[in-house]
Amino acid sequence: MDKLRRVLSGQEENEELGLTTQILDASSLSYSTRVKWFVICFAGGILCSILGSALLFLPNGIKLFAVFYTLGNVAALASTCFLMGPLKQLKRMFEPTRLIATIVMLLCLVLTLCAVFWWHKKGLAIIFCILQFLAMTWYSISYIPFARDAVMKCFTTCLS
C-alpha cells in the first residue's frame with residue numbers, strides 16, 4: 001500500500017534523487033562539524049583576502065592579489081555550503097531577490113581573473129576587485145531582512 005502511495009504521489013521516482021540530494025546536502029554532517037568547517041572555510045577566505053591585499057605591494061603583486069582575493073571570496077562564499085548544504089545554497093543564491101547580486105558577484109570573480117591573466121590590465125583588475133567587494137557585500141546583506149532597504153535609504157539620504 002505504501003508503495004502505491006509513493007508511486008501515485010511521484011515519490012518513487014524521486015527516491016534515487018533523494019539519495020543524491022542527501023549526499024549533496026550538508027545534513028549528513030553533524031551540526032558541530034558543519035559549524036567547524038564553516039568557521040575554517042570562512043577564516044581561510046578572510047586570510048586569503050588579507051594575504052592578497054598584503055601581496056599587492058610587491059612587484060607584480062597584482063596577479064597574486066587578484067588570485068588570493070578572488071580565492072578568499074570563493075572560500076567565504078563556499079563556507080555557507082557547510083551551514084545549509086550546497087544544493088540549498090545554490091537554490092537560495094538564484095532566488096529572484098538575489099539573482100542579480102549573484103550574477104554580478106560571480107561575473108566579477110571571473111572578470112577579475114580575466115583582467116589579470118588574459119587581458120593584462122592591472123587597473124581593470126583593481127576595479128573588478130572593488131566591484132567584487134561591493135557585489136559580495138550586496139549579496140551578503142540580501143540574507144538580512146530589510147537590510148537592503150536600510151542601505152538604500154542611507155545611501156539616498158547621504159546623497160540628498
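Among the residues of this structure, I126 counts as one that is touching a residue at least 12 places away in the same chain (Cβ under 8 Å) and β-branched (V, I, T). Here R92 meets the list (1) assigned to a helix (DSSP H, G or I); (2) modelled with pLDDT under 90; (3) over 26 Å from I50 (Cβ atoms) almost entirely, failing just condition (2). Residues in the range 94-113 that are in contact with a Phe, Trp or Tyr (Cβ under 8 Å, 6 or more places away or on another chain) and touching a residue at least 40 places away in the same chain (Cβ under 8 Å): R98, A101, T112. Name the pairs whose Cβ atoms lie under 7 Å apart, with the first residue in the range 129-156 and under 18 Å from T102 (Cβ atoms), the second open to solvent by less than 90 Å² (accessible area, probe 1.4 Å) and not in a helix (DSSP H, G or I), and 6 or more positions between them or separate chains? Going by the 7 Å Cβ cut-off, the qualifying pairs are Y139/R98; S142/R98; R148/S142.
Among the numbered criteria (1) assigned to a helix (DSSP H, G or I); (2) within 24 Å of R148 (Cα to Cα); (3) open to solvent by 50 Å² or more (accessible area, probe 1.4 Å); (4) touching a residue at least 40 places away in the same chain (Cβ under 8 Å), which one does C81 miss? Of (1) assigned to a helix (DSSP H, G or I); (2) within 24 Å of R148 (Cα to Cα); (3) open to solvent by 50 Å² or more (accessible area, probe 1.4 Å); (4) touching a residue at least 40 places away in the same chain (Cβ under 8 Å), only one is false for C81: (3).
Let's see how each residue does on (1) in a helix (DSSP H, G or I); (2) more than 23 Å from A66 (Cα to Cα); (3) open to solvent by 90 Å² or more (accessible area, probe 1.4 Å):
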position: L113; (1), (2), (3): yes, no, no
position: H120; (1), (2), (3): no, no, yes
position: T137; (1), (2), (3): yes, no, no
position: P145; (1), (2), (3): no, yes, yes
position: C154; (1), (2), (3): yes, yes, no
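A single entry from V35, V67, V104 fulfils the requirement of being within 16 Å of T137 (Cβ to Cβ), assigned to a helix (DSSP H, G or I), among the aliphatic types (A, V, I, L, M) and at pLDDT 90 or above: V104.
The values are calculated or read from the model by the stated rules, or taken from the named source; none is laboratory data. Everything quoted here is computed from the prediction, not taken from an experiment. FYI the Cβ positions are ideal-geometry reconstructions off the backbone, even for glycines, and counts take in every protein chain you see. Accessible surface areas use protein heavy atoms only, side chains included; no ligands, DNA or RNA. Shrake-Rupley method; radii C 1.70, N 1.55, O 1.52, S 1.80 Å.
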